[in-house]
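Contents: one structure, followed by commentary.
The values are calculated or read from the model by the stated rules, or taken from the named source; none is laboratory data. Not measured: the values here are computed from a predicted model. Positions of Cβ are backbone-derived with ideal geometry, glycine not excepted, and every protein chain shown enters the neighbour counts.
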Amino acid sequence: MKVHTPTKTLGEALGHVERIVPSRSSNPGLSLLRIDLDDGHMVLSGSNLDLDIRARVAADVRGEGSVAVPAAVIGQVVRALPGDAVELDFGDTELEITSGGFSTKLQLVTLGSAPSLTFPDTWDGEIDAGALASALEHVRYAAAVADYQAVFRGVRLELHDGRTRAVATDGFRLASYNSELTSGLDADLLLPARSVDELTKMLAAGTASLALSSGQFSVSNGPYTINVKLMEGTFPDYQRVIPSQFPVAVTLRAQGLAEAVTRVAVMADKSANHRVDMYVKDGVLRITAEGSYGRAQEAIEVSQEGTEDEISLAYNAKYLADAVGPVSGDLRLQFSGATTPSVASDLGDPSYLAMVVPLRTG
Amino acid sequence: MRKIVHVDMDAFFAAVEQRDHPELRGLPVAVGGAGDRGVVMTASYEARRYGVGSAMPMAHARRRCPDLVIVPPSFEAYHAASRAIRSIFGRYTDLVEPLSLDEAFLDVTHPLRSPPSATLLARAIRDDIRRETGLTASAGVANGKFIAKVASGMQKPDGLTVVRPEESLAFVAALPIERFFGVGPKTAERMHALGIRSGADLRERGHAELVAHFGKAGGFLYRIARADDERPVVPDRERKSIGAERTFERDVHDDARILSELEKVCDTVAERLVRSLLAARTVTLKVKYRDFKVVTRSHTPRTPVASLDDLWSVARSLALDVDRPAGAVRLVGVSVRSLLPRAERVVQPRLVFDAAPP
C-alpha cells in the first residue's frame, strides 16, 4: 500500500480532521485517525463523539486496506515535512512517511481501537454551501460558550420549503438569519455551537448535500463529509420576544459604531458587565464608558427617527459589538425602551436580525 | 451650655464628581441612574437652579434641564470622601454622630484640640475639609441639634451660620413651621388650620394641646419651640434600620388609598437607603388598625433591597398578604433592616421567553 500526494493537499485534509479529533481523550481510541485506501482513494476519518468527519484526499493510491494512527502525531509530522510531495508507505506495523530528504516510521495502532464511523450513502437534500455557512456564521456568536441551559449552547437551524433560518441565543441576546435558501428538508434542528464552528470552516463553495437520520445531521461538501450529533431540548419561542414598538430608531454605518464601541469600551468596567452607556438625541448617538482607569466618550452622527426625542440606556459592550459585527454597510438600531430588548438589523441584508437586552443599572 | 456643630457637605455626590472630573465643573450635573427609572441622587448647584432636586425621577429632571449631565454614581469615591471627612471630625472631637455619608453632628463642648470657640472650630473643620478633600461643607453652630441642623442649611453652599445661645429663642420663633423636624406637608397643613405658621405661633400653644393634636411629636415640638433640645450627640451610632410611617388623619378602609400611602412611605425609606449607600436584607411592613392592634409582616428577598422598585415590590406583596378583617387602617409603616453596603448594581437582564413582547 503506497500513496503519493502533494504535502499541501494532505496537510489541509489533516488540518480539518485534527481540529476535531481530540489529541488526548479518556477513550484512547478517540484520538485515532483512520486511513482507508480503497479503489484509488485515500480517506481520512475521525470523531469527537459530537462530530464525525471524513476527508477524501486526492492522491495516487496503490493497494487497499485500512490503518489507524494517532491523529496528533501524523498531523505534526505532515505539517513539518520539507518537500512539496509526500510518500506514505504502509507496512504491517509501521507507516513510513518520506518527503524530501526526511523520513520517519510511525507505529500503526490496532484498527479495532479506532471508532467505527458511518457516513450516509444517500442524501435527502442539498443547499448552497456558502450561503448555509454565511447563515450560521451570522448567528454563531450569540450562542452561549459556558454551560447554562444546554439549548443555549446550540444553534437552531430551521430547514423548510424555501426558507432556511439560523437562530442562536445565550438567553441575553439573540441573533437570527432568515434566508430564502432551499434545502429540500423539512426539519428544525439544534446543532452544538462547537460543531457549527467546524461545519462552517468545512463548507466552501458549490452545493452541500444534506442527510438527516436519527439524532444526526450529515453534510457533505467537496472532499469533506461531517455528521453532527443533534442536541435535544426545546429551543425557546424566540419570535415572541422580538419587540415591535420602537420609540427611537437610528441608522448609521455599522463599522463606525463597532469601532466606537471598541474604543470607548477600553474604559468600561469589566467587573460591571463591561458597561457602556448610550444616549441618543438630536441625531447624535453618544457612547460613554467609565471604569477604574478613567472615562471615554464618542459622539456619532446618526439619522434618527421615532416617536420619542431621546433615549438613554446601557449595554454590555461586547454584546453590542457582537450584534453589529455581521453587518457590513448601514446598520439600523431600534430601541424598544431602556430596559427592553433593542434590535439591530442590516439595511443591506434583511435576513439578519440581532437583539440585545440593555443592562439594568443603579 | 453645650456646643453642637452640624456639618453638611454641599451637593456631596455631585461635588465629588465635579472635583474628580473637571470637565463637569460649572455644568448642571445630576448623579443617578440615566435609565427610565433612574432617580436623581444629588444635583449640583448649577442643576438646582433649574429646579432639579434630589429624589426626582431623572426623566423629569431632564425635562426641567435639557442640558443636564447625568453621571452614574461612583460609590467608591463617595465612601472615600466620607471617610476623609470623618477622620477630620475625629481630630476635633470623639462625639461625632454621622447621619449619612455627608452629614454629621459634632458635640464640641469639650473639643480635643483648640480652638475652644465652637465658631472658630467649625471654621477650622470646614477649612480642613476644603484643603484635604477639595470639597465644600456648610455648618451650623448652636446649643442643640435641631437649631444646628437648621442653621447649617441657612447659608448653603459653603456657609457657616452661628446661632448664639441668647439668639436661640428668636431664631426658632422666626422659623416657618415647615422647617421643624417631623413637620411634613400634611402636618404643616394641620398646623396652618390651627393657626400655627411659625415657631412663635408654636410657642404660644400649650403642651397638652400639641400632644392632643400631634401625639408624641407634639411634645417634641413643644420643647423645640422653647429651644429646649437636650438630645445628645450619640457617637458611632451604627444604624440598624431605616423606617418611615404615615398616620392617617381619618382611618382608611380603601385598599387603593392604603397602597398609595404605602408607596409614599416606601419612597421615603428608599431615598434614605439610597442616600446612605446601603441596601437592606429584610423589609418589615407595619399596619396599625383603628383598635390600635398592630400587625407586622417581614420578608427577606433573595437579593438585598436597594431601590424604590425593590422595596415597593416587597412591601406591596406584604400588604396584599395581610388580611384586614374589616378593620379600618390608622397607620402604615415600612422599615428595612440588616443593612449592608450597597454595591453598584449593573445587571444583565435575560430575555424573557415566556412573556409577550413589550
Checklist entry - Could you say whether any residue in the range A:266-283 is over 29 Å from B:Thr42 (Cα atoms), at pLDDT 90 or above and more than 11 Å from chain B (Cβ to nearest Cβ)? => result no
Item to check | the range B:292-341 - residue that is assigned to a loop (DSSP other than H, G, I, E, B) and out of contact with any Lys or Arg (no Cβ under 9 Å at 6 or more places or on another chain) and, of those, modelled with the highest pLDDT | outcome: B:Lys293
Item to check | Of the criteria (1) touching a residue at least 40 places away in the same chain (Cβ under 8 Å); (2) out of contact with any helix residue (DSSP H, G or I) (no Cβ under 6 Å at 6 or more places or on another chain); (3) not aromatic (Phe, Trp, Tyr), which one B:Met58 fails | outcome: (1)
Next on the checklist: Consider the range B:189-199. How many of its residues are buried (at least 18 other Cβ atoms within 10 Å of the Cβ) and of a type in the set (Lys, Arg)?
Outcome noted: 0
Next on the checklist: So if I check each of A:Thr251, A:Thr225, A:Thr200, A:Thr262, which one is out of contact with any Gly (no Cβ under 8 Å at 6 or more places or on another chain), under 24 Å from A:Arg165 (Cα atoms) and surrounded by fewer than 19 Cβ atoms within 10 Å (Cβ to Cβ)?
Outcome noted: A:Thr200
Item to check | the range B:131-188, residues that are of a type in the set (Phe, Trp, Tyr), surrounded by 20 or more Cβ atoms within 10 Å (Cβ to Cβ) and in a loop (DSSP other than H, G, I, E, B) | outcome: B:Phe180
Item to check | Failed criterion for B:Val233 (all others in (1) buried (at least 20 other Cβ atoms within 10 Å of the Cβ); (2) within 21 Å of B:Leu169 (Cβ to Cβ) hold) | outcome: (2)
Checklist outcome for this item: Note on the range B:10-42: residues farther than 13 Å from B:Ser54 by Cα and within 13 Å of chain A (Cβ to nearest Cβ) are B:Glu17, B:Asp20, B:His21, B:Pro22, B:Glu23, B:Leu24, B:Ala34, B:Gly35, B:Asp36, B:Arg37
Checklist entry - Would the range B:71-88 turn up any residue that is in contact with a strand residue (DSSP E or B) (Cβ under 7 Å, 6 or more places away or on another chain) and of a type in the set (Phe, Trp, Tyr)? => result no
Item to check | Any strands (runs of 3 or more DSSP E) falling wholly within the range B:1-93 and containing at least 2 residues that are more than 30 Å from B:Ala227 (Cβ to Cβ) | outcome: B:29-32, B:40-43, B:69-71
Checklist entry - Do you know which residues across the range A:331-350 are touching a residue at least 40 places away in the same chain (Cβ under 8 Å) and among the hydroxyl-bearing types (Ser, Thr, Tyr)? => result A:Ser336, A:Thr340
Checklist entry - For the subset of the range B:241-294 comprising residues that are without any contact (Cβ under 8 Å) to a residue 60 or more places away in the chain and among the aromatic types (Phe, Trp, Tyr), which member is farthest from B:Leu318 (Cα to Cα)? => result B:Phe292
Next on the checklist: Which count do you get for residues in the range B:43-55 that are touching a strand residue (DSSP E or B) at 6+ places or on another chain (Cβ under 8 Å) and away from chain A (no Cβ under 14 Å)?
Outcome noted: 7
Next on the checklist: Can you tell me which residue is nearest to A:Thr361 (Cα to Cα) among those in the range A:305-346 that are within 11 Å of another protein chain (Cβ to nearest Cβ) and of a type in the set (Gly, Ala, Ser)?
Outcome noted: A:Ala314
